[in-house]
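Structure, as structure tokens:
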Amino acid sequence: MTDLHYIDPDNDATLPLDTRTWRGASGQPLELGGLPRFDPRDIDRDVWSLWRYRAFLPLPADAHPVSLGEGMTPLVPAAMDGRTIYYKLEFMAPTGSYKDRGVTTLISGLKAAGIDSVIEDSSGNAGTAVAAYAAAAGMAARIFVPDHASPAKKAQIRVYGANLAEIPGGRAATGDAAIAAAEHTVYASHAWNPLFNSGLRTAAWEVWEQLGRAPDAVITPVGQGGLLLGMADGFRDLLDAQCIDRLPRMIGVQAAAVAPVYRAWRDGLDEVPTVPEAATIAEGVRIRRPVRAEAILAAVRDTDGVMVAPDDEAVEAARADLARRGLFVEPTSALVLAGLREILDTLPRDAIIVAPLTGSGLKSPPRAG
């Protein structure tokens, strides 16, 4: 793969992978050009990680993936009100969250482009993933997190040897601090860099392999919305390759306290508003307005999907319910079950529903007592 490059969607200009530019001329996120089409004949079935799909991932042919064995997570069926829900256990990834899918392709691509130092901002999970994969790649990493981030996530970032910057003032302030620092190094942002999103498409391809078909619906948490967008794109790849005959409905879940995409979907808006950054136990989705907000909204609408926004009480109850099923997840992951409870009756009783559980409960352990 020699033609891999970034595209500025504002003017169609192309940029090399070693560019220090991380957004377009008018502030839009870059896109990725030069990726080949999905072809099931090119899956390397001898590889038991998401790099079985290397032929479709953004890495030059002569480069080595920076991999910790991520991907190929279990798909576990569970009964719910007479229906079967398939939980995809993304919390079994090497650093304990689905972010490893995108970060393996992000760091692999940057390493192949000769990048040796990166920064990232995160509520915790993307930061831990970048810290881990940068360490595996021999790259220096500085990770910006809100000072209220989970102590377990901050400790994990430090263990990998990254420089941790704790920023007061909330999630938005953390992003601002990272952007200011990006003038001096490469901004390896899971929200902005399309190398990250390309890795998330593999979750859809795995679900297709595991089920032998497309599900009827996929429900994911939505903060920056990378997983929803990545899976929507991955299923579109499968449709274009004639591996499936229809797209699943994409269902997004935000926390009631911070729900910009939900508000736009509910109110029939064309643009997603910026909302206040209120507190929520689902810290992973505490985003005032996603970078790719309108793309998330379009992915939901184009697949006849819905957005839901349960409150923290419902999320707490869902987390406890999942734990009683043997599935220990952080509150952000429990959004999917809380959201399902709100819309389950609108889905056919025989619908095949896939719900990724995105982060380990060890990331944000409940208080004792």
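Couple of notes before you dig in:
- Unique residue being out of contact with any Pro (no Cβ under 6 Å at 6 or more places or on another chain), at pLDDT 95 or above and not hydrophobic (A, V, I, L, M, F, W, C) when the list is K153, K111: K111
- Conditions (1) surrounded by fewer than 24 Cβ atoms within 10 Å (Cβ to Cβ); (2) closer than 19 Å to G223 by Cβ; (3) under 19 Å from the mean Cα position of the chain (by Cα): number failed by G170: (3)
For (1) in a loop (DSSP other than H, G, I, E, B); (2) surrounded by fewer than 16 Cβ atoms within 10 Å (Cβ to Cβ), each residue gets a yes or a no:
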site: T21; (1), (2): yes, yes
site: G27; (1), (2): yes, yes
site: P36; (1), (2): yes, yes
site: R45; (1), (2): yes, yes
site: Y53; (1), (2): no, no
site: L59; (1), (2): yes, no
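- Residues satisfying the stated conditions in the stretch 199-217, i.e. of a type in the set (S, T, N, Q) and under 10 Å from the mean Cα position of the chain (by Cα): none
- The sole residue among D176, D233, D245, D237 that is acidic (D, E) and assigned to a loop (DSSP other than H, G, I, E, B) is D245.
- Taken over the stretch 61-85, the residue count meeting the criterion of being part of a loop (DSSP other than H, G, I, E, B), charged (D, E, K, R) and surrounded by 11 or more Cβ atoms within 10 Å (Cβ to Cβ) is 1.
- Cβ-Cβ under 7 Å pairs, at least 6 apart or on other chains, the stretch 352-368 side under 19 Å from L75 (Cβ atoms), far side at pLDDT below 95 and surrounded by 23 or more Cβ atoms within 10 Å (Cβ to Cβ): G359/N125; G359/G284
- Annotation note: of L17, L32, L68, the sole residue that is more than 19 Å from the chain's Cα centre (by Cα) and in contact (Cβ under 8 Å) with a residue 60 or more places away in the chain is L17.
- Residues that are among the hydroxyl-bearing types (S, T, Y), buried (at least 24 other Cβ atoms within 10 Å of the Cβ) and outside any helix (DSSP H, G or I) within the stretch 86-122 comprise Y87, T95, S97, Y98, S122, listed in sequence order.
- Count of the stretch 207-230 residues which are over 17 Å from L347 (Cβ atoms) and part of a strand (DSSP E or B): 1
- Scoring A155 on the criteria (1) under 27 Å from A182 (Cα atoms); (2) assigned to a helix (DSSP H, G or I); (3) touching a Phe, Trp or Tyr at 6+ places or on another chain (Cβ under 7 Å) leaves a single failure, condition (3).
- Within the stretch 263-282, the set of residues being acidic (D, E) and out of contact with any strand residue (DSSP E or B) (no Cβ under 8 Å at 6 or more places or on another chain) comprises D267, D270, E271.
The values are calculated or read from the model by the stated rules, or taken from the named source; none is laboratory data. Keep in mind the model is a prediction, meaning the values are calculated, not measured. Here the Cβ is made from the backbone with ideal geometry for all residues, glycine too, and neighbour counts use every protein chain on show.
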